[in-house]
1. Going by average Cβ density within 10 Å per residue, which order do the peptides 182-194, 242-254 take, highest to lowest?
2. Which order do I159, I228 take when ranked by solvent-accessible area (1.4 Å probe, heavy atoms of all protein chains), largest first?
3. Per residue, how large is the accessible surface of the stretch 125-230? Use a 1.4 angstrom probe and give square angstrom.
4. For K81, K126, give the ranking by accessible area with the largest first, probe 1.4 Å.
5. Roughly how large, in nm² to one decimal, is the mean projection of the convex hull of the alpha-carbon atoms in the stretch 125-230?
6. With every protein chain left in place, what is the accessible area of R256 in Å² (1.4 Å probe, nearest 10)?
7. Magnitude of the Cβ-charge dipole of the stretch 125-230, K/R +1 and D/E -1, about the Cα centre, nearest 20 debye?
8. Excluding residues fewer than 8 places away in the same chain, name every one of the lysines whose C-alpha is closer than 25 Å to that of K229.
Amino acid sequence: MFALSSCIQGGQQEESSSTSVLVRLFVLSCLSENQELRIMAAKPKLYYFDGRGRMESVRWLLAAAGVEYEEVLFQTAEDFKNLIKSGKLMYDQVPMVEMDGMSIVQTRAILKYIATKYNLYGKDLKERAIIDMYVEGMRDLNDMIMFFPFSLPEEKQKILNYILERATQRFFPVYEKALKDHGKNYLVGNQLSWADVQLLEVILMVEELKSDILSAFPKLQEFKARVIKLPRIQKFLQPGSPRKPPVDDASFEVSRKIYKIDKNFVLKHMS
Ligand code: GTS
């Protein structure tokens, strides 16, 4: 506003040719400032297939930040090919989020940008390192669950047991202990962060596989009850929100055809 009124006042002054050039340059800089504001104000646009996959954590984080967004959900290999042809995908891969004038790819890069921009990424470098450690563990668990539907029928039970074992023996004890040791409401710095959002997401995913999975984790039960009540989270968990349902046979077929998934797909992604 200040810059704009200075522009106008500048235009009313006696004009030598050099001041006129300066004024014009100044007006141009005002315009690009406005354009930049417009870009910053536009809703983020998410490009992915119509399912959870890697994009679901992005949906969760934007919801927790209270940011409205639009989605371009493609259904066929042809749609995906057309998106690749647009040249917006740095690695010819999704997820991709258009935001603040950028086409951001790589799930972690997208999540970090959102977490940083909306103050969900700790107050300093040390808190960020702790958030990263929590989130990376959660992502390992999340990835196993994400690829589980693609396992062969004969492998299903074994892989399910492995996921549940990892959840209860490796990952959940870490978050249970953290909450118990510091006695605070949230994992890091006693304010909601990306780690809390990711933790609730993964808890709900594991519960879809085994509903009483938290029975040995009283702190995680309290955590879940607390975070689920936050208004933005509550809204995201309501029917009709952009949250995607677990993979079913139909959505499994759609994503299998889009990405031409082969038999060894799951094994490659089970760490
Ligand atoms: N490291 C990337 C990320 O985290 O974003 C991996 C992205 C990725 O593998 N995306 C898949 C893809 O575009 C889609 S999905 O697995 O997330 O559904 N695959 C096509 C390809 O050619 O790799």
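The values are calculated or read from the model by the stated rules, or taken from the named source; none is laboratory data. Not measured: the values here are computed from a predicted model. Positions of Cβ are backbone-derived with ideal geometry, glycine not excepted, and every protein chain shown enters the neighbour counts. SASA here: full protein model, heavy atoms, side chains in, ligands and nucleic acids out. Shrake-Rupley method; radii C 1.70, N 1.55, O 1.52, S 1.80 Å.
1. 182-194, 242-254
2. Most to least solvent-accessible, the answer reads I228, I159.
3. 47
4. The ranking, largest first, comes out as K126, K81.
5. Averaging across all directions leaves 6.6 nm² for the Cα convex hull.
6. Result for R256: roughly 80 Å² accessible.
7. Details: 15 positive and 16 negative charges, 72 e Å.
About 340 debye.
8. K112, K117, K123, K177, K180, K184, K210, K219, K244
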